[in-house]
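A.B. asks: This is the structure, below, for whatever I ask next.
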Amino acid sequence: MADDNLGYLDRSSTNNGNVGSRNVAIGVLGAGGFVPQRVRTNAEVAELAGVTPQWIVERTGIQERHVSGGDQSASDLAAAAVRNALAAAGLGAGDLDLIIVTTSTPDELGPSTACRVQALLQAHQAVAFDVSAACTGWLFGTRVAVDYLRGDTGARCAVVVGVEAYSHFLDPADRATAVLFGDGAGATILGPVAAGTGFGQIELGSDGDHAGDVLIPAGGSRHPASTDTVTRGQHRIHMDGKAVRDFILDIFPKAAASALRRSGLTADQIDVIVTHQPNPVLLRKACADAGFDVERLIIVGDLVGNIGAGSVPYALAKAHSDGRLHAGDRILIVGFGAGVTWGSTVLTWGIDDAEAGR
């Protein structure tokens, strides 16, 4: 079973430059993850979806996923992940100047789920808002947070948390979605770090012509909730599996190559690869096809499934927990998701556990 309480530290020394300078290095101070306690096994999913447990493993590599209780919303999962990340960074909620939540499964259409998280944390001094970019959301939110911290705001500490409560929006009989998606959250505390570490340029992209490839069709202003939309299952996730697969296999090598060009690195200079986790089988194929060493790829989707915007930060936290991240490591980060959206960057990690005295 995946750990439901992840909190791992990167205590990078603070950059001597002033926050508010475009030149200050911004990186990860701490990362944490959270998944609900209840596990939904392949046997349980397979029975309802009309497939076998072996079919799920062979096609996706997913062994289990976690599902939230009836009283758990996206904000509850997100707040738990933020608390773990804050503990890892040795900080408290009062240190946060900015809270960005990225999710496709918000508590409500409004207000922002970030405001719900702010209230749960009692971080009333922080600015809180949502960023919506589906499974690429953490990268979009991180780009905003990095620019915010580098701007003339006086802010020094931000959290970007990706979270999904997909189980509330799944049709258990739809094998295209029910076998893949789980609930969970990942959070990263961002702030000034030592020169030579932190985020490189974060490049983002989107193509709205493919917005219908994966979506929740009803419940918004295009198709407001009605008896008819509920009867037709329009409040559940709908996905064109082939279109999504083709998009991932096309965009992964392009986004990865772009990140390498911007950073001046080659594939063999990348120590660790952290990406969105659509499913481990597809992810390994995309990585190999792009010319990367699959052994450097962090896999978490086997034990938590596709947790959307939470995948990348959860994988970062898990990688550090497993001793996969060390001082100076260059981490290629690639995201892709509905919209369609994508993004990539290279993150240079701070100090490792041994140097932190852990």
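A.B. asks: Considering only DSSP beta bridges where both residues belong to the chain, give the percentage that are antiparallel (nearest 5).
C.D. replies: Percentage antiparallel, nearest 5: 70.
A.B. asks: Dipole magnitude of region 245-327 about its Cα centre, charges +1 at Lys/Arg Cβ and -1 at Asp/Glu Cβ only, in debye to the nearest 20?
C.D. replies: Once rounded to the nearest 20, the dipole reads 180 debye.
A.B. asks: With all protein chains present, how much of the accessible area of region 25-81 (probe radius 1.4 Å) comes from carbon and sulfur, to the nearest whole percent?
C.D. replies: Answer for region 25-81: carbon and sulfur cover 49 percent of the accessible area.
A.B. asks: Which value at 222 nm does the chain reach when only helices count, each DSSP H run of 4 or more adding -39,500 (n - 2.57), with the total divided by all residues and rounded to the nearest 500 deg cm²/dmol?
C.D. replies: -9000 deg cm²/dmol
A.B. asks: In µm²/s, what is D for region 37-173 at 4 °C and 1.567 mPa s, where D = kT/(6 pi eta Rh) by Stokes-Einstein and Rh is the Kirkwood radius from Cα pairs?
C.D. replies: Answer, rounded: 79 µm²/s.
A.B. asks: Can you tell which of T60, Q37, A319 lies farthest toward the positive end of the dipole of the chain, using +1 and -1 charges on the Cβ of basic and acidic side chains (Lys, Arg; Asp, Glu)?
C.D. replies: In the chain, that residue is A319.
A.B. asks: Tell me the volume per residue, in Å³, of the convex hull enclosing the alpha carbons of region 119-264.
C.D. replies: It is 165 Å³ per residue.
A.B. asks: Would you mind working out the magnitude of the charge dipole of region 180-295 relative to its Cα centre, with +1 at each Lys and Arg C-beta and -1 at each Asp and Glu C-beta, to the nearest 20 Debye?
C.D. replies: 240 debye
A.B. asks: Continuing with the same structure: Using θ = phi - 60° and the Karplus curve 6.51 cos²θ - 1.76 cosθ + 1.60, what whole-Hz ³J(HN,Hα) does each residue of region 305-310 get, with Gly and Pro shown as x?
C.D. replies: Result, rounded to whole Hz: x, 7, 10, x, 4, x.
A.B. asks: While we're looking at this one, here's another question. Placing unit charges on C-beta atoms (Lys and Arg positive, Asp and Glu negative, everything else neutral), compute the dipole magnitude of the chain about its Cα centre in debye, rounded to 20.
C.D. replies: Its charge dipole is roughly 400 debye.
A.B. asks: Leaving ligands and nucleic acids out of the surface, order R261, R156, R324 by accessible area at 1.4 Å, largest first.
C.D. replies: R261, R156, R324
A.B. asks: Taking only protein heavy atoms into account and a 1.4 Å probe, give the accessible area per residue of region 156-219 in Å².
C.D. replies: 32 Å²
A.B. asks: Does anyone have the angle between helix 311-321 and the longest principal axis of the chain? Alpha-carbon axes, 0 to 90°, nearest 10?
C.D. replies: It is inclined by approximately 60 degrees.
A.B. asks: When the Kirkwood radius is taken over all Cα pairs of the chain, what Stokes-Einstein diffusion coefficient follows at 4 °C and 1.567 mPa s, in µm²/s?
C.D. replies: Answer from the Stokes-Einstein relation: 65 µm²/s.
A.B. asks: Now for a separate question. Search the structure for amide H atoms under 5 Å from the amide H of L190, placed 1.01 Å from N in the peptide plane, and list their residues when 5 or more places away or on another chain.
C.D. replies: Hits under the 5 Å cutoff: L29, A158, V159, V160.
A.B. asks: Cα atoms only: what Rg and Dmax, in Å, come out for region 17-78?
C.D. replies: In order Rg, Dmax, the Cα atoms of region 17-78 give 19.6, 58 Å.
A.B. asks: Follow-up. Give the whole-number value, in cubic angstrom per residue, of the convex hull volume spanned by the C-alpha atoms of region 117-160.
C.D. replies: 73 Å³
A.B. asks: Residue by residue through region 160-170, which ³J(HN,Hα) values in whole Hz follow from phi under the Karplus form 6.51 cos²θ - 1.76 cosθ + 1.60 (θ = phi - 60°), with glycine and proline marked x?
C.D. replies: 10, 10, x, 8, 9, 10, 4, 4, 6, 10, 9
A.B. asks: Dividing the alpha-carbon Rg of region 243-308 by 2.2 N^0.38 Å yields what?
C.D. replies: My calculation over the Cα atoms of region 243-308 gives 1.09.
A.B. asks: Rg/Rh for region 48-127 to two decimals, with Rh computed the Kirkwood way over all alpha-carbon pairs.
C.D. replies: Rounded to two decimals, Rg/Rh equals 1.14.
The values are calculated or read from the model by the stated rules, or taken from the named source; none is laboratory data. Fair warning: this is a prediction, and the values are worked out from it, not measured in the lab. Here Cβ is always computed from backbone atoms with ideal geometry, including for glycine, and neighbour counts include all displayed protein chains. Calculation scope for accessible area: heavy atoms of the full protein, side chains included, ligands and nucleic acids excluded. Shrake-Rupley method; radii C 1.70, N 1.55, O 1.52, S 1.80 Å.
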